[in-house]
1. So which of Thr66, Thr80 ends up being within 19 Å of the chain's Cα centre (by Cα) and part of a loop (DSSP other than H, G, I, E, B)?
2. Of these, Glu48, Glu21, Glu6, Glu90, which one is among the acidic types (Asp, Glu) and within 30 Å of Thr133 (Cβ to Cβ)?
3. Mind counting the residues in region 95-147 that are of a type in the set (S, T, N, Q), free of Cβ contacts under 8 Å to residues at least 24 places away in the same chain and not in a strand (DSSP E or B)?
4. Within the bounds of region 51-58, is there any residue that is farther than 25 Å from Pro78 by Cα and touching an Asp or Glu at 6+ places or on another chain (Cβ under 8 Å)?
5. Would you mind finding the one in Pro78, Pro102 that is exposed (fewer than 13 other Cβ atoms within 10 Å of the Cβ) and within 30 Å of Lys141 (Cα to Cα)?
6. What tally of residues in region 106-147 results from selecting those that are of a type in the set (D, E, K, R) and under 18 Å from Arg88 (Cβ atoms)?
7. Which of the residues spanning region 118-147 are of a type in the set (Ser, Thr, Tyr) and either buried (at least 16 other Cβ atoms within 10 Å of the Cβ) or within 12 Å of Leu99 (Cβ to Cβ) (or both)?
8. Could you check how many residues of region 123-147 are within 33 Å of the chain's Cα centre (by Cα), within 11 Å of Gly108 (Cα to Cα) and of a type in the set (S, T, N, Q)?
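Bear in mind that the values in this text are calculations on the coordinates, not laboratory data. Predicted, not measured: the structure shown is a model, and the values here were computed from it. Cβ coordinates were reconstructed from backbone atoms using ideal geometry, including for glycine residues, and neighbour counts include every protein chain displayed.
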Amino acid sequence: MLDAVEYWHWWIFALVLLILEVFAPGAFFLGMGVAAGLVGLLLLVIPELGWKAQWMAFAVLSLAATVSLRTWLRRHPPATDQPALNRRGEQYVGRVFTLEEPIVNGTGKVRVDDTTWKVEGPDTPAGTRVEVTGVDGVILKVAPRGD
């Protein structure tokens, strides 16, 4: 029964995996779909390939395709019109706020809308306007504003 696997079975499997990628994005099923398509192509070229070799090729090609795709996406992130989406602190860089608590020994607090954020910067009294210059995790980096 397993010896009856033909190249087009792998291509159908590849199509199913690529459809799954649409519903579960993250480039996980994409690598496996590419691998299944390649195993189908390999089986078209070498029709006597056994089922164990087919599954081994699928496993190796899935791993290679997934790692390669993730590496490529890390080096070439998709362009977006909202690069700070889901990175809330980065959305505040360049904005000016008033210190709620003074910056003492390099740390203080500022109120942003209905949230209090920890800030780091030079010692500054409460009530001073500060500009967010950067973000380090959940801590806003600030500098006193001269206006």
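1. Unique residue meeting the criteria: Thr80.
2. One residue alone meets the criteria, Glu90.
3. 1
4. Yes, there is a match, as at least one residue in region 51-58 is farther than 25 Å from Pro78 by Cα and touching an Asp or Glu at 6+ places or on another chain (Cβ under 8 Å).
5. None of the others qualify; the one that does is Pro78.
6. Residues that pass the stated criteria total 9.
7. Thr124, Thr128
8. 0
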